[in-house]
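First comes the structure, then the notes that go with it.
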Amino acid sequence: MNEDQILRQKEIFLSSYTPSANAITPEEIALAGAIVSAVRRNPTYSRDLPREQRNELVEFWHNELIQRGSKYLRSVQTLNTYVGDIIDMKASINARYGEFLHNDVSSGIRISQCQKSLSVYLKYMWCQNIAVVDPPLCPIDRIVLSHCGIFDISWTRIDDADTLWRIIAAVTSHAQGYPCCDSVAEWELCMFNL
């Protein structure tokens, strides 16, 4: 795709999926979209978690996204760095809030939720032209998995690095089959806006 086509696809995404009228800055839009996307179809919080602790957890999660995501905004990062950040984010959130997180796969937050939140955060920052490089990977969900021919894995159940790497390989390979797209992020943006 040329630069104008990419810009148009970014505009379509942002006009359709800006998550909160209360978000003022581009970063607040990205953070709100990241958390909402990660928990929407993926049970996360314990039923008895008080609102104050839930807000504290979300604020901590926001800070994790900002801290880990900042390096992706200015320079290309490897997939090894990306997966390491996802695993480290999971460990950090679980160390502090694991007891408050509902998860029927394992204890605490899942890799799928950390992957989705980091990827959506980076996607929003890229689409708002805050990030000057494409994100290393797109947000993984049922739609992406089905486009890549993966029907035996539910994205909400992903909680190990081996499965994540298997999905990364499939998504990367599939996206490279589209010569009009220069990255996985471009491929997903076009596919998502169809």
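The values are calculated or read from the model by the stated rules, or taken from the named source; none is laboratory data. Note that the structure is a prediction, hence the values are computed from the model and not measured. Cβ: placed from backbone, ideal geometry, glycine included. Neighbour counts: every protein chain shown. Just so you know, the surface numbers come from the protein's heavy atoms only, side chains and all, with ligands and any DNA or RNA stripped out. Shrake-Rupley method; radii C 1.70, N 1.55, O 1.52, S 1.80 Å.
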Springs between alpha-carbon pairs under 10 angstrom, Gaussian network model over the chain: which of Glu27, Glu52, Glu64 fluctuates most? Glu52
Obtain the nm distance between the two label points defined at Gln67 and Tyr45 by a simple spin-label model: each point lies 7 Å from its Cα along the Cα-to-C-beta direction. 2.2 nm
For the chain: accessible area per residue (Å², 1.4 Å): 49 Å²
Entry for Kirkwood radius over Cα pairs in Å (calculated from the structure that is shown) out of (1) 16.9; (2) 18.8; (3) 21.7: (1)
Please sort by residue number the chymotrypsin sites (Phe, Trp or Tyr not before Pro) in the stretch 55-159 whose DSSP state is loop and whose Cβ has at most 10 other Cβ atoms within 10 Å. Phe151
In degrees rounded to 10, the 0-90 angle between helix 26-39 Cα long axis and the longest Cα principal axis of the chain is 70 degrees
Calc'd 3J(HN,Hα), the stretch 139-147, phi into Karplus 6.51 cos²θ - 1.76 cosθ + 1.60 (θ = phi - 60°), Hz, glycine/Pro = x, comes to x, 8, 8, 4, 5, 4, 4, 5, 4
In percent, what relative contact order does the chain have, based on Cα pairs under 8 Å that are 6 or more apart in sequence? 26 percent
Can you work out the Karplus-derived ³J(HN,Hα) for every residue in the stretch 155-167? Use 6.51 cos²θ - 1.76 cosθ + 1.60 with θ = phi - 60°, whole Hz, and x for glycine or proline. 4, 5, 9, 5, 8, 9, 5, 4, 5, 4, 5, 4, 5
For Ile109, the residues 5 or more places away or on another chain with a placed amide H closer than 5 Å to its own amide H are Asn94
Please identify, among Ile153, Ile140, Ile167, the residue showing maximal mean-square fluctuation in a Gaussian network model of the chain using a 10 angstrom Cα cutoff. Ile153
Tell me, what ³J(HN,Hα) does each residue in the stretch 79-92 have, in order and in whole Hz, if you take phi through Karplus 6.51 cos²θ - 1.76 cosθ + 1.60 with θ = phi - 60° and put x for Gly and Pro? 5, 4, 5, 4, 5, x, 5, 5, 5, 5, 5, 4, 5, 5
So who's got an amide H within less than 5 Å of the one on Tyr45, skipping anything under 5 residues away but keeping other chains? H placed 1.01 Å off N, in plane. His102
Report, by chain and number, residues whose modeled amide H sits under 5 Å from the one on Tyr178, excluding near sequence neighbours (fewer than 5 apart, same chain). none
Sequence-separation-based contact order of the stretch 1-93, relative, with Cα cut under 8 Å and 6+ spacing, percent: 18 percent
Can you give the charge dipole size of the chain about its Cα centre, rounded to the nearest 20 debye, using +1 on the beta carbon of Lys and Arg and -1 on the beta carbon of Asp and Glu? 240 debye
Roughly how many percent of the accessible protein surface of the chain is carbon and sulfur, given a 1.4 Å probe and a whole-percent answer? 50 percent
